[in-house]
Amino acid sequence: MKQIYYAIQNIIRGKDSNIVKIISITLGLLISIILFAKVSFEMSYDTFLKDSQRIFSIKTAWEVDGKAWNGNNIYPTSSVLLQHFPDEVESATTLQSRKWAKIGHGGQKRAEKVLFVDSLYFQTMGITLQKGNAMDMAHPDIMFLSESFARELFGGEDPMGKTVTYEFYNQGDVAFIVRGIFADMPENTTLEHPKALVSIANRYKYDKAGLDWNSGGNYVAYAKLKEGKDVEKLTYGINAVIADRYFPKERYGQDAIRIELTPLLDEHLQDEETRNMLLIMGLLAAALLLTATLNYVLISLSSMAYRAKGIAIHKCSGAEWGSVFGIFLWETAFIVIVSVLLMVFISLNAREIIEELTQVSIGSLFSWQNLWAPCLTVMFLFLVGSIIPGIYFSSVPVTQVFRKYTERKRSWKYPLLFVQFGGVAFLFGLTGVMYAQYHYTMSKDLGYDITNVVSLHESDKGRRSTLLSFVKNAPYVSSVATSENTLMEGRARYSVPEGPNNKSFIPRHNVMDRDYFDFIGLHLKVGKVPTSTNEILVNEAFVKEMGWTSNGVGEYVADHGTVTGIVDGYLNTYDVAEMVPWEFRLSNEPLETIQIRLKEPFDENLIRLNEDVGKLYPNEGLAFKSFEKDMENLYHRQRIFRDSTILSTIAILAISLMGLIGYTNEEVRRRSKEIAIRKINGAEVGEILHLLCMEIFRIALPSALIGLGLAHYVGNIWKEQFRDMLPANFWLYAGIFIVVMAFILGTVIVKSWRVANENPVLSIKSE
């Protein structure tokens, strides 16, 4: 108990420095814990599924003339696994997603995401079915609802046995019976987040889809293997069976398919971009945590000069080494506890900001599954922050009772300052690189104009015709056009049977009406837009894939058309790192995606447009969405990472500033007599400031250079995810270096200015 008493007493006496400690620790813990929790969250994808380690994604690789093209899955694959490998495969399922499915109830329709699944979906994926029988998914006209969607539709009523409608493309509204309720998907999953499930048998009944080997690769399939089964052996076996019985070369020529089994737990992290971002985010968090910890240690050790005598008195009174050490453990514990409570308070009050920054809800970010990261972070700070000062202070000799603390061995400060200054330079440099790259990317010419463009997907021809007539006459609409999809949503379903060495590939494609090319302002590098349906536009990646030595204009592509022009600019796809082959076709008919360019003011006119559309179709749930917003969402991961880095930099600058102020105060106090004697002997203010700054400068210069070098290396890793990397800029790093050095030395000068100008007699009298 004496240790606790002395610890509280020391905290009260040194309240000024302890307030600085609490603020810096709170700031460091807040940001580093958010970053570590984000990393932990990303690493926990799909672990919530029962037996997740035994679930594998089934991928189809199309081999055409020896060249592989990865797709999703052909419908019968999962059933073949179950049929031919019952000893290895416990369960397998096939599903298909519908993004704009319209579900109706109570006179209202909602465009929601729906999955077509089979009866083995729940068994295979380990998803909790709260109500109903999974085997009902073998029958058409049956619908299962997610728990949250059931509440939205029916409120407090039991939805079981109730009727809802589902709109099929060629059939209109079809009545479905609710026969099940399933648990909502958490945020940390690669799986779809459907609002409803319907039997895949409906595809055959209403869409007249052929569920066979000619059904295309638009399905997703999973298999749950039995314990301890050899995946490689199973993969070899399934490919042999398919090649022999279902896809023989005698029938399909040189074309073939290859099946790959990928662990579901690896799916999220198999993307190199994701791995790099998590690595860098972890480094940011570690740098911030280390800076906050070392800052605490630096401020604590800086107080040794005036605390040494008190410690020696404790030892004279019989205190052992362990007792003195315990006092500092309790001091650190109290300060850390207060900091954690303050951090929790800030987190709860800044919930929206944190969720916007991480794109994860607070509940998911700090779930029980991910709490290990925050706990380890706090534990690290506590142990390092208490053990290092505790060891130093416990080693103070009893003789310090009789004289002022003048220990010459002060080498502890140099590595602390070196790491701290290096961390400042690293984060500052990384922030500069990321901000410059993001600005460089977003300011590039896209190759088309999306200013004030909004879009709506409408598959019903009647409603589409009515909507087009309405918007063309609306006073706030500038122009109108239609396409199969927006420019970011091209499909990949038509193979090109030519190319270098006669190897085919499948480009992404989009179809536009005659107004679309002028509407979107599509830039052409060479050539002209198509004027007939047997003409196409392509991009440079398409030309390269074809191996054409010409610019491509006038070339003929079998079953596709004649190339009339090559699109120019920064055409976006799902992949921000690589431009894939694209082609654009012409349609003489209006297409599913209606796109409108609104007049200014954009935000007001968008609200007005959706209000008018709601009045026109009050029960359909139709709403136009901003194209620019979709474009921003394409880079949401990069934006999150940029904002995280900026926030980390601000935090580490604040922490370092507080630590540097504390250290400078101690240095000035320790050397006040020396400074006074120098001034009496004729030293000018500039000489005094030079004396105080040079020691810091000798540490700051190499640490800043090393920190910037590390920022350059890590920044290049981050930039690799972009198609167009910002070239290395010497002046960018030079500017950052000057700012960092000015920050460090400026802080020292500001805090030293007073003592450099005060009367030296006062300093000598105080000694």
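Every read-out reported here was derived from the displayed coordinates using simple, explicitly stated rules and does not represent laboratory data. Fair warning: this is a prediction, and the values are worked out from it, not measured in the lab. Cβ placement follows ideal geometry from the backbone for every residue including glycine, while neighbour counts extend to all protein chains displayed.
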Highest-first arrangement of 379-385, 92-98, where packing means the average Cβ count within 10 Å:
92-98, 379-385
At 7 Å along Cα-to-Cβ for each site, give me the label-to-label distance between residue 138 and residue 369 in nm.
3.1
Amide N proximity, the stretch 585-600 versus residue 100 label position 7 Å along Cα-to-Cβ, cut-off under 19 Å
585-598
Computed E for residue 514/residue 131 - FRET, C-beta separation, R0 60 angstrom, nearest 0.05:
0.75
What are the residues whose amide H is under 5 Å from the amide H of residue 506, where those residues sit 5 or more places off or on another chain and H is modelled from the backbone?
496
What FRET efficiency do you get for residue 639 and residue 323 if R0 is 45 Å and r is their Cβ-Cβ distance, rounded to the nearest 0.05?
0.30
Using 0.36 nm times the number of residues separating residue 731 and residue 83, minus their current alpha carbon distance, what extension gain do you get?
226.8 nm
Pulled fully out, how much extra length does the chain show between residue 160 and residue 177, if you take 0.36 nm times their separation in residues and subtract their Cα-Cα distance?
5.3 nm
Once both labels are modelled 7 Å past Cα along the beta-carbon direction, what's the residue 611-residue 380 spacing in nm?
5.2
Between residue 118 and residues 5 or more places away or on another chain, the pairs with built amide H atoms under 5 Å apart involve 94, 200
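Taking all pairs of different Cα atoms in the stretch 91-199, averaging 1/r and flipping that mean, what Kirkwood radius in angstroms comes out?
With all distinct Cα pairs of the stretch 91-199 included, I get 13.9 Å.
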Between residue 629 and residue 532, what is the spin-label point distance in nm, taking each point 7 Å from the Cα along the Cα→C-beta axis?
4.2
Global form of the stretch 67-253, assessed from the alpha-carbon gyration tensor, a/c cut-off 1.5:
prolate
What residues from the stretch 75-109 fall in the zone where the backbone N is under 13 Å from a label point 7 Å along the Cα-to-C-beta line of residue 236?
none
Full extension between residue 344 and residue 459 adds, at 0.36 nm per residue less the Cα distance, a length in nm of 36.6 nm
